[in-house]
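Here's the structure, in structure tokens; my notes come after.
The values are calculated or read from the model by the stated rules, or taken from the named source; none is laboratory data. These figures come from a predicted structure and were not determined experimentally. Note that each Cβ is placed from the backbone with ideal geometry, even for glycine, and that neighbours are counted across all protein chains shown.
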């Protein structure tokens, strides 16, 4: 083997071991936890905040709709969809009505996205998938950031009722 082939092989071995741009995977158990369990988020799901995938510093509240958004700081995939944001119930003052009871993930489809798997997950956990009005329902400052990151306005959401 000549010197250039050896160097190329060594470089490939080093790069494959680094995992520099590896996406994190959101498991079905983590997704169920953050989407449906209001007060008992599993340690694996809390790890998404500890590892910096989501940051409390980048939380965007929308008091008008009683929701808030944690934008993903790192690449995260769920069923091969890119997870762009985690939408949660948010309110600073309970006025006694009209507060939703759903959390959601805002997703960007990819060429290898597993829509059938997402639909199965949604059915098993009484969740709803919406691909028609996601962008129009988001606050402007959130939609601009998500569309810019996803490089598409064809986003979808999976929302689940929170166990209270």
Taking segment 121-164 only, how many residues are surrounded by 14 or more Cβ atoms within 10 Å (Cβ to Cβ) and under 19 Å from residue 37 (Cα atoms)? 11
Top-ranked residue of segment 62-80 - restricted to ones that are outside any strand (DSSP E or B) and modelled with pLDDT under 85, ranked as surrounded by the most Cβ atoms within 10 Å (Cβ to Cβ): 66
Counting only residues in segment 88-111 that are at pLDDT 90 or above and assigned to a strand (DSSP E or B), the one nearest to residue 149 (Cα to Cα) is identified as 108
Among the residues that make up segment 112-120, is at least one of them modelled with pLDDT of 90 or more, assigned to a strand (DSSP E or B), in contact with a strand residue (DSSP E or B) (Cβ under 7 Å, 6 or more places away or on another chain) and surrounded by 17 or more Cβ atoms within 10 Å (Cβ to Cβ)? no
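Based on this model, can you work out whether residue 59 counts as over 18 Å from residue 129 (Cα atoms), at pLDDT 85 or above and exposed (fewer than 15 other Cβ atoms within 10 Å of the Cβ)?
So residue 59 fits the description; yes.
Closer than 23 Å to residue 27 by Cβ and either assigned to a helix (DSSP H, G or I) or under 13 Å from the mean Cα position of the chain (by Cα) (or both): which single residue out of 135, 83, 142, 128 fits that description? If you could, list the steps in order and put the result at the bottom.
Details: 135 fails: closer than 23 Å to residue 27 by Cβ; 142 fails: closer than 23 Å to residue 27 by Cβ; 128 fails: either assigned to a helix (DSSP H, G or I) or under 13 Å from the mean Cα position of the chain (by Cα) (or both).
The unique qualifying residue is 83.
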